[in-house]
Amino acid sequence: MTVNRDQLIDWLDLEEPTDEELACMDDLGHGDYEIYSERLRLILDEGVDVFVRSGVSQFIAARDLAVAIYTPQGDLIDSAAGAYLHVVTGIPPLKYVINNFADDETVGVEPGDVFYANDALYGGIHNPDQIAFMPIFHEGEIMAWVSAAVHTTETGAIEPGGMPISARTRHDEGMKLSPIKIGEDYQLKTDMLEMQKNFISRAPRMHEIDLRARLTTCDRVRRRVKDLIIEKQGPDFFKGLIRRNIEESRTGAKERVDSWNDGTFRTVHFADSVGYEDGLWRLNATMEKEGPEISIDYTGTSPENDGSFNSQPVASIAHTANYLFSVPFHDLPKSNGTYDLIDFEIPKGSILYPDAEASTVQAVMVNQVVMDSTTTLFSRSMYDDETENEHVTAPMANTGAGYAFGAVSQHGEPVADLMSHALNTDGTGGQARRDGEDEAIFPWCPFGHASNMEFVENEYPFTHQYFRHGTDSCGHGKHRGGIGMQMAYMQHHVPAVEWLSICHNSKLVTGQGLFGGYPPRTIPGLTVTDSDLKERMANGEYVPDDMIELLQEQPLDADYNVTSHVRESQPYENGDLFIGHSGGGCGYGDALERDPEAVMEDIEADRVSHWAAENIYEIEYDEESLTVDEEATEKRRERYREQRLEEAVPFEEFQDDWEQKKPPEEILEHYGSWPEAEKEGPVLRM
């Protein structure tokens with residue numbers, strides 16, 4: 001291994017433009033940039049459509065993917081996504097190829113070459129996230145690079161589904177590819193394909209189809225860029241266009257940040273598990289903002305652990321793109337020009353910068369807290385600027401409930417996948433101007449959606465017993481967070497299906513409400529086995545369709561298994577229920593300031609319960625007609641405000657008492673020293 005991880009971080013910075021590139025940018029005519037930057041984006045959008053139509057896995061069908069174009073030096077020009085973090089993590093492996101292989105006569109870079117990578121040590125996220133990239137040549141000169149990336153749901157790891165929770169080192173995670181050439185002269189090399197299928201023998205057909213989908217996408221974008229821009233307008237025009245795109249991103253972001261409040265902003269977020277073990281750990285983040293410059297320091301974050309819940313530093317930085325590219329800079333080109341104004345400090349030995357041998361396969365779970373903290377820090381900086389109120393938001397759910405399965409399908413094919421329904425139906429956070437969106441989003445993929453159920457049931461050996469919103473799953477507030485979705489998979493057609501779940505948020509949620517809003521509720525793990533469900537269905541009898549009903553009333557004659565939301569891989573028999581739930585968004589503002597009529601509308605739509613209306617929103621109303629008694633409600637809320645004041649204590653008194661408290665020792669094993677979260681000893685890996 002020859003990669004330097006500090007070098008990977010440095011590669012996220014922009015390369016210095018050449019005099020030729022700047023001159024070409026200056027030579028662009030009036031309207032050239034506006035017309036052809038839009039054409040470039042349309043080409044990338046076409047690439048996404050090709051990708052979706054060519055692949056077969058859940059992630060591709062749900063558009064949890066990314067298509068991007070980079071400069072000859074490896075800087076991100078623009079992208080169409082899907083999952084924005086994929087376009088940022090495309091930079092380091094591409095620059096690795098440029099700096100190490102381009103002049104290596106045993107490798108080289110020629111027209112028609114295809115490179116491929118998935119190793120987090122070379123700048124990726126975790127090995128399920130795999131990227132293909134190709135050069136665009138014109139008259140012997142590399143004009144740009146294009147990439148296509150998506151999560152692969154089988155990697156040959158020690159558990160099915162590509163993300164083994166029980167992994168202890170990187171060697172448990174399955175196929176890992178440093179940047180490698182897998183195609184030449186516009187053809188995929190058969191030996192490279194066979195090698196990958198050998199790694200991924202649980203689902204080789206699915207892997208091959210999705211691999212070819214990446215290559216098809218890259219080649220479509222390559223041909224479109226070459227035919228519709230480079231050959232039509234000339235290479236100098238194209239050089240100027242891509243440099244202008246990066247400059248628009250860089251200067252636009254700096255001007256916007258410069259208008260926000262200067263200051264020091266701090267936030268601490270806690271998580272409740274490290275793999276299959278319950279345990280407390282934290283992310284500590286401090287943002288310094290002065291003028292157009294930002295620095296984010298993660299000192300005080302819990303140390304690395306001997307499990308799978310660690311992250312390489314580039315992956316953590318890339319996770320900020322999910323927020324930056326979709327909220328404050330949503331209307332700017334998606335370029336690493338945006339990152340030119342942000343410096344990151346990530347302490348070595350922390351959960352965000354572990355030893356090179358550490359397992360980082362659950363990096364996306366770890367980086368939920370990075371997404372939470374980024375949203376909170378930036379919203380606090382811009383909160384009183386009227387022009388930015390639309391961007392002030394509480395964190396999304398960031399639950400990332402990954403439900404993975406492996407089986408032989410009803411068609412006799414080995415299949416393994418990670419279901420998109422829970423991932424892509426998280427609620428967004430409450431905003432300064434309005435509520436969050438219900439069942440709206442995969443926080444890692446703003447434009448993702450839940451896959452078509454009939455398509456899924458036709459391909460895979462289970463049915464969707466129910467799929468509906470989860471009452472009270474939001475974070476409450478003046479503007480509530482979006483509602484999450486609940487679902488149940490019933491095993492069907494085959495004797496058994498093996499399932500596991502990858503997630504947080506059983507004991508506490510990583511997200512926090514903003515400016516007095518509440519966090520969303522926690523999510524238990526629930527499976528129902530050895531039940532009379534199919535018998536009831538055959539007889540036309542009542543069957544339940546709600547997790548809370550199953551938990552509280554247990555209407556089926558069955559075994560009810562209530563566990564952590566994180567569930568180990570195990571088989572479930574025909575007729576068993578594997579139950580899931582996506583997260584609600586965090587709340588914004590004091591719940592006592594919420595319009596009572598909005599709460600009545602939520603009750604009518606079964607988004608909020610009567611209990612929440614009475615105990616959180618403090619509303620007096622008629623439960624039958626949902627008519628609010630405004631005068632009684634105001635008096636009730638005023639009494640509750642007075643109660644708050646009576647129970648309040650001065651900050652110094654609270655601090656003195658709070659600093660004497662300490663969680664139980666049994667949940668602090670992975671936290672680090674209390675309360676500083678410093679590393680207390682080496683982590684031993686074999």
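Since every read-out is calculated from the coordinates, none of them should be taken as a lab result. Source: prediction; values computed, not measured. With ideal geometry, Cβ positions are generated from the backbone for all residues, glycine too; neighbour counts draw on all protein chains shown.
Restricting the count to DSSP beta bridges whose residues both fall in the chain, what percent are antiparallel, rounded to a multiple of 5?
On the way: 89 of 94 bridges.
Roughly 95 percent of the beta bridges in the chain run antiparallel, per DSSP.
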So the compactness index of the range 229-316, its C-alpha Rg divided by 2.2 N^0.38 Å, takes the value 1.70
Using alpha-carbon positions, the gyration tensor of the range 342-440 gives root eigenvalues a ≥ b ≥ c; with a/c under 1.5 called rounded, otherwise prolate if a/b exceeds b/c, else oblate, the class is oblate
With a ≥ b ≥ c from the Cα gyration tensor eigenvalues, square-rooted, and the rule rounded for a/c under 1.5, otherwise prolate when a/b > b/c and oblate otherwise, the range 393-596 is prolate
For the table Lys478/Lys635; Lys181/Lys239; Lys176/Lys289, the rows whose alpha-carbon distance is greater than 28 Å are Lys176/Lys289
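Would you work out the charge dipole size for the chain about its Cα centre, treating the Cβ of every Lys and Arg as +1 and the Cβ of every Asp and Glu as -1, and quote it to the nearest 20 debye?
1780 debye
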Along the dipole axis of the range 108-202 (charges at Cβ: +1 for Lys and Arg, -1 for Asp and Glu; origin at the Cα centre), the most positive-end residue among Pro179, Gly108, Gln196 is Gln196
Volume per residue (Å³) of the convex hull spanned by the alpha carbons of the range 190-283 is 202 Å³
Taking a ≥ b ≥ c as the square roots of the eigenvalues of the Cα gyration tensor, with a/c under 1.5 meaning rounded and otherwise prolate when a/b exceeds b/c and oblate if not, the range 5-249 is prolate
The lysines whose Cα lies under 16 Å from the Cα of Lys679, excluding any fewer than 8 residues away in the same chain, are Lys348
Along the dipole axis of the chain (charges at Cβ: +1 for Lys and Arg, -1 for Asp and Glu; origin at the Cα centre), the most positive-end residue among Tyr33, Ser273, Ile69 is Ile69
Relative to the chain, whose Cα atoms define the longest principal axis, helix 630-647 and its Cα axis are tilted in degrees, nearest 10, by 80 degrees
The exposure ranking of Met371, Met192, Met287, fewest beta-carbon neighbours within 10 Å first, is Met192, Met287, Met371
Expressed as a percent, the portion of alpha-carbon pairs in the range 517-591 spaced more than 21 Å apart is 38 percent
Shape descriptors of the chain over alpha-carbon atoms, Rg and Dmax in angstrom, are 25.4, 82
In deg cm²/dmol, rounded to the nearest 500, the helical mean residue ellipticity at 222 nm of the chain, built from -39500 (n - 2.57) for every DSSP H run of length 4 or more, is -9000 deg cm²/dmol
One would report the Cα pair-distance distribution of the range 414-485, bin width 10 Å, in %, as 20, 43, 26, 10, 2
Projected onto the charge dipole of the range 586-686 (unit charges on the beta-carbon of Lys, Arg, Asp and Glu, signs +1, +1, -1, -1), the Cα from Gln655, Gly672, Tyr621 with the largest positive-side position is that of Gly672
The long-range amide H neighbours of His492, using H built 1.01 Å from N in the peptide plane and a cut-off of under 5 Å, are Phe462, Thr463, Gly575
Measuring from the longest principal axis of the C-alpha atoms of the chain, the long axis of helix 313-324 (C-alpha) lies at a number of degrees, nearest 10, equal to 70 degrees
